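Only one structure is covered here, and it is reproduced in the block below.
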Amino acid sequence: MKVLDLQCPHGHRFEGWFASADDFESQQSRKLVECPICGATEVSRLPSAPRLNLSGASDSEAPARAEQMQAQMMRALREVLEKTENVGDRFAEEARRIHYNEAPARSIRGVTTPEDARALVEEGIEVMPLPVPAALKEPLQ
Ligand SMILES: [Zn+2]
């Protein structure tokens with residue numbers, strides 16, 4: 001097993017596990033290597049830094065877990081983005097129309113001011129703040 005440090009065009013760094021460096025190259029050329037954060041397949045190999053593990057295994061596992069959690073969160077976010085309709089800055093208006101049955105019921109996303117979001121919640125309309133990283137916005141719009 002070979003652990004390689006990889007990076008996608010959006011600057012996400014992650015580790016890939018391969019049987020050998022050749023295995024990585026063959027998978028990469030067939031676009032089988034995918035960034036776990038944004039799904040880009042144009043990944044490149046970073047020069048791997050020597051791994052100095054002086055203070056025990058737990059130190060090196062913690063950041064790996066954090067990255068894994070981030071990757072999972074990004075995947076969940078992507079799903080939300082794919083299943084919702086982007087209404088941009090008409091979000092508050094559209095959310096009201098749906099709530100009052102003036103528009104077909106569906107999941108929407110968009111931008112709104114904190115004041116508008118609070119007003120919507122007071123009217124009984126569910127609003128969920130969604131921190132969308134800029135890297136995810138572009139391919140979907
Ligand atoms: Zn990426």
Exercise. Stretched out fully, how many nm does the piece from Asn86 to Gln68 gain, at 0.36 nm a residue minus the Cα gap?
Worked result: 3.7 nm
Exercise. Distance in nm between label sites at Ser29 and Glu123, each 7 Å beyond Cα in the beta-carbon direction?
Worked result: 5.8
For this session: Starting from the Cα gyration tensor of region 83-128, take the square roots of the eigenvalues, sort them a ≥ b ≥ c, and report rounded, prolate or oblate (rounded when a/c is under 1.5, otherwise prolate if a/b is larger than b/c, else oblate).
Result: oblate
Seminar exercise, completed: For the pair Arg96 and Arg13, the simple spin-label estimate (label points 7 Å beyond Cα toward Cβ) gives in nm 4.8
Exercise. So how exposed is His99, as accessible area in Å² (1.4 Å probe, rounded to 10)?
Worked result: 80
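The values are calculated or read from the model by the stated rules, or taken from the named source; none is laboratory data. Nothing here was measured: the structure is a model prediction, and the numbers come from that model. In this analysis, Cβ positions are derived from the backbone assuming ideal geometry, glycine residues included, and neighbour counts consider all displayed protein chains. Keep in mind that these areas ignore ligands, DNA and RNA; they rest on the heavy atoms of the full protein, side chains included. Shrake-Rupley method; radii C 1.70, N 1.55, O 1.52, S 1.80 Å.
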